């Protein structure tokens, strides 16, 4: 749905779908999704989680496995700082974790086993992790990991940023929608 209240679909406006699929452009609100399922025999889901103190051990194992994983596998590694909220299970509440999802069961054995009773360790220096990841940095910023205002354009190529600005000017010219990392219309800078 665009800010003016009109429903759109991918056949009418593929540019809107492009923007909403990660553009952070404040061009519309998704009110309904339709999925066409692909055929498959077996599906697995779940996560593996360790205390953040295991990040230096887990990260290289995951990176090596992921580089050679089958294309049909989607996987991610996350460093999480969970808040102390009652809705979060007690064993995870207020903990810092390294989590992997999207692993087939035959890959789980490659990772270190962790005793479930391991105590939470003292806060780790995030700069060490960032320094370890630096060789793979591409100069862009991943919006989901930015928690304070910054120059959103640095997350996109120049062409993609210009396209997002044009879409924002077309679908939300009055600036009705607000997001943390919005693409301003070209004339609003």
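The values are calculated or read from the model by the stated rules, or taken from the named source; none is laboratory data. From a predicted model like this one, the values you see are computed outputs, not experimental measurements. Neighbour counts run over all protein chains shown; Cβ positions are idealised from the backbone, glycine included.
Taking the numbered list (1) within 30 Å of residue 182 (Cβ to Cβ); (2) at pLDDT 65 or above; (3) surrounded by 13 or more Cβ atoms within 10 Å (Cβ to Cβ); (4) touching a strand residue (DSSP E or B) at 6+ places or on another chain (Cβ under 9 Å) in turn, residue 76 passes all entries but (3).
When residue 134 is tested against (1) exposed (fewer than 13 other Cβ atoms within 10 Å of the Cβ); (2) modelled with pLDDT of 75 or more; (3) within 22 Å of the chain's Cα centre (by Cα); (4) part of a loop (DSSP other than H, G, I, E, B), exactly one condition is not met: (4). Only residues that are surrounded by 13 or more Cβ atoms within 10 Å (Cβ to Cβ) and either assigned to a loop (DSSP other than H, G, I, E, B) or modelled with pLDDT of 85 or more (or both) were counted across the stretch 93-109, and they come to 10. Every condition in (1) modelled with pLDDT of 75 or more; (2) surrounded by 11 or more Cβ atoms within 10 Å (Cβ to Cβ); (3) out of contact with any helix residue (DSSP H, G or I) (no Cβ under 8 Å at 6 or more places or on another chain) holds for residue 1 except the one numbered (1).
With respect to the stated conditions, residue 174 is outside any helix (DSSP H, G or I) and at pLDDT 80 or above.
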